[in-house]
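The numbers here are math on the coordinates, done by the rules we state, and not lab data. Computed from a predicted structure; not experimentally measured. Here the Cβ positions follow ideal geometry from the backbone for every residue, glycine too, while neighbour counts run over all protein chains shown.
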Amino acid sequence: MAELNERLTLKNGRVLVFSGPSGVGKGTLLKRLFDETSFPLTMSVSATTRAPRPGEIDGVHYHFLTREDFLSRRERGDFLESFEVYAGGSLYGTLRETVEQAVARGEWIVLEIDVKGAKSVVEKIPDAFTFFILPPTIDDLRKRLETRGSETAEEITKRLAQAQFEIDASGFYRYRVVNDKLDDALAEIIDILQRDVA
Ligand code: 5GP
């Protein structure tokens, strides 16, 4: 456990944390950031116990683990942070080795994780650059989730409640970016990366 609490030292590498409610457009923003900029970005592939969605590939989108595997890896100290993201739901965790190796290579590793995970990362890596992506309004978020159509009505209700909780708890993030127009939100993030991170 002692080792788990050690702080990571960032040499040339950077740790970038992105959070925001489900459906806020984080995925699209990150994809464009990777495709359209030349920052040395690399994505952290988390581990999870949830089932893969259609099209998701093991080792690419997530490392899909059984609950038993996840818990034994957690016991071994393999995770920088790990949480049950939705109450009674699946476990998610950032693999310590993935972050350490990227940072050692001088890369900017991007963690797309929830608010509890982000808080835990900041405790261990105070130099992490944390971004919280906000919807213009909760109602706007509801519409986006309905349009996406990948969740049931019950899941949407659950995700909206979670969204409000996350927004309320997001005061500790270094940067808060409202994703109203995608191009504007992207430009704002690129400005921050050029100004503060590079
Ligand atoms: P999804 O199941 O839709 O891929 O992700 C659900 C939530 O889990 C998202 O809010 C996502 O940011 C969060 N998440 C994904 N990976 C991790 C992780 O490694 N740690 C934590 N704390 N949250 C994660």
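Convex hull over the Cα atoms of segment 68-111, averaged projected area in nm²?
On the way: hull surface 13.7 nm².
Result: 3.4 nm².
Neighbouring Cβ atoms within 10 Å as the yardstick, rank Leu80, Leu71 fewest first.
Numbers: Leu80 25, Leu71 14.
The fewest-first ordering by Cβ neighbours comes to Leu71, Leu80.
Show log10 I(q)/I(0) for the chain at q = 0.09, 0.14 Å⁻¹, two decimals, from a solvent-free Debye sum over equal Cα scatterers.
-0.33, -0.84
Over the chain, with a Gaussian network built from C-alpha contacts below 10 Å, which listed residue (Val24, Val115, Val60) shows the highest mean-square fluctuation?
Among Val24, Val115, Val60, the largest mean-square fluctuation in the Gaussian network model of the chain belongs to Val60.
Which pairs in the list Lys119/Lys143; Lys26/Lys116; Lys26/Lys143; Lys31/Lys181; Lys124/Lys158; Lys31/Lys124 are over 21 Å apart, alpha-carbon to alpha-carbon? Walk me through the numbers before you get to the answer.
On the way: Lys119/Lys143 28 Å; Lys26/Lys116 17 Å; Lys26/Lys143 16 Å; Lys31/Lys181 15 Å; Lys124/Lys158 30 Å; Lys31/Lys124 27 Å.
Distance filter (> 21 Å) returns Lys119/Lys143; Lys124/Lys158; Lys31/Lys124.
Tell me the relative contact order for the chain as a rounded percent, counting alpha carbon contacts under 8 Å between residues six or more apart.
Values: 294 pairs, mean separation 63.4, N = 198.
Relative CO of the chain lands at 32 percent.
Size of the dipole of segment 2-197 about the Cα centre, Lys and Arg at +1 and Asp and Glu at -1 on the beta carbon, nothing else charged, in debye to 20? Present the calculation step by step, with values, prior to reporting the outcome.
Working: 27 positive and 33 negative charges, 16 e Å.
That gives a dipole near 80 debye.
In whole angstrom, note down how far apart the Cα centers of segment 110-130 and segment 136-171 are.
So the two Cα centres are separated by 21 Å.
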